[in-house]
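So the structure is just underneath, and the comments pick up after that.
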C-alpha cells in the first residue's frame, strides 16, 4: 500500500509538471523550430543528468540490447518534440491535449496489428466514442480562429507516434528504456539545430527556455519512476489531468478560449478513456489488462 501511494504521488506530480508545456510554447516569442530546439536540448540534458545519477553509464550499455526496437522508440520519440511544438503553434492548446489523450487508442490498434493482441469489446466501444470526439474537434477547427486542421493533424501524429514508440519496445521489456529518452531529445535538438539560429531568441528569453526544459525534464523523470508502482490503467487516468488542466491554464493565462466544439469533443475523448480505465481499476481490478 505504501509503494502504491508513492507511485500515485510521483505520477501525479509528474503530470502536474507537464501541464504548463503548451503554455510555455505560447509564452515564448520565437519560431516553433527554435522552441523545439531548446525544448529538446534543455530537457535532454536534464534527463541525461538524471540517468547518469540514477543508473550511471551502464544504463546506456544496456540500451544497446534493445536493438531495432530501441532505435525505433528513440526515433519516434525524437520526432514528437518538433511535432508537438508545431501542433501547439498551429492549433489550440485544448485541441492538442485532447487529441493527445487518444494515445491509448492508437496503442491498442498498433498492439493488435504488430503484436497480434486482441482488442476487447471495452476498447472497441472506447475507440468509437474517441473517434466521434476527434471528429467533433476537427469540425470545430474549421470555423475557429485559434484552431486549425494542420495543427490537429500534427497533434494526431504526436499521439500515434508516441503510441507506436511504446508498442515498439514491448518486446524488450527486460531493458530499461529510460536512457533512450535523453538520446531522443538531444538527437531531435541536433537535427532541428541544422535548420535554425537558436541563440538570439535564447539570449532574450532564457528564463522561459530553461524553465520549459526543467519542467519537461522533471515530468519525464517522475513519469518514468511513478508508473513502476501503479498499474498502467491508473497511469492513464492520472495523465488525463493534463487534458483537463492545460486548456484551463492557457485560458486563464493567455485568454485562449478553446471553443464549444473543442470542449464537447474533448469531453468525449477524455471521458471515454477515463471510463475505460476506471472500469479496469475499479470493476475488474486488473489495471494492466
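Odds and ends about this structure:
- Between 161, 83, 62, 107, the distinction of being at pLDDT below 90, under 27 Å from residue 220 (Cβ atoms) and within 16 Å of the chain's Cα centre (by Cα) belongs to 107 only.
- Of the residues making up segment 36-45, none is more than 19 Å from the chain's Cα centre (by Cα), surrounded by fewer than 20 Cβ atoms within 10 Å (Cβ to Cβ) and in a helix (DSSP H, G or I).
- Residue 191 closer than 30 Å to residue 51 by Cβ, more than 19 Å from the chain's Cα centre (by Cα) and without any contact (Cβ under 8 Å) to a residue 24 or more places away in the chain: no
- Residues in segment 68-77 that are within 15 Å of residue 220 (Cβ to Cβ) and either more than 12 Å from the chain's Cα centre (by Cα) or surrounded by fewer than 19 Cβ atoms within 10 Å (Cβ to Cβ) (or both): 73, 74.
- The listed residues are 254, 269, and the only one of them that is closer than 22 Å to residue 96 by Cβ, touching a helix residue (DSSP H, G or I) at 6+ places or on another chain (Cβ under 9 Å) and surrounded by fewer than 15 Cβ atoms within 10 Å (Cβ to Cβ) turns out to be 254.
- Counted residues, segment 184-205 - those being part of a helix (DSSP H, G or I) and under 17 Å from residue 44 (Cβ atoms): 10
- Cβ pairs under 7 Å, 6+ apart, first in segment 104-118 and in contact (Cβ under 8 Å) with a residue 24 or more places away in the chain, second assigned to a loop (DSSP other than H, G, I, E, B) and surrounded by 13 or more Cβ atoms within 10 Å (Cβ to Cβ): 111/117
- Listed by position, the helices (runs of 4 or more DSSP H) enclosed by segment 75-176 that each have at least 3 residues that are in contact with a helix residue (DSSP H, G or I) (Cβ under 9 Å, 6 or more places away or on another chain) and within 20 Å of residue 35 (Cα to Cα) are 93-100, 149-168.
- Residue that is modelled with the lowest pLDDT [pool: residues in segment 6-16 that are under 17 Å from the mean Cα position of the chain (by Cα) and surrounded by fewer than 19 Cβ atoms within 10 Å (Cβ to Cβ)]: 12
- Which listed residue, of 217, 226, is in a helix (DSSP H, G or I), within 24 Å of residue 59 (Cα to Cα), modelled with pLDDT under 95 and over 14 Å from the mean Cα position of the chain (by Cα): 226
- Among the candidates 133, 142, the residue that is without any contact (Cβ under 8 Å) to a residue 12 or more places away in the chain and more than 30 Å from residue 65 (Cα to Cα) is uniquely 142.
The values are calculated or read from the model by the stated rules, or taken from the named source; none is laboratory data. Predicted, not measured: the structure shown is a model, and the values here were computed from it. In this analysis, Cβ positions are derived from the backbone assuming ideal geometry, glycine residues included, and neighbour counts consider all displayed protein chains.
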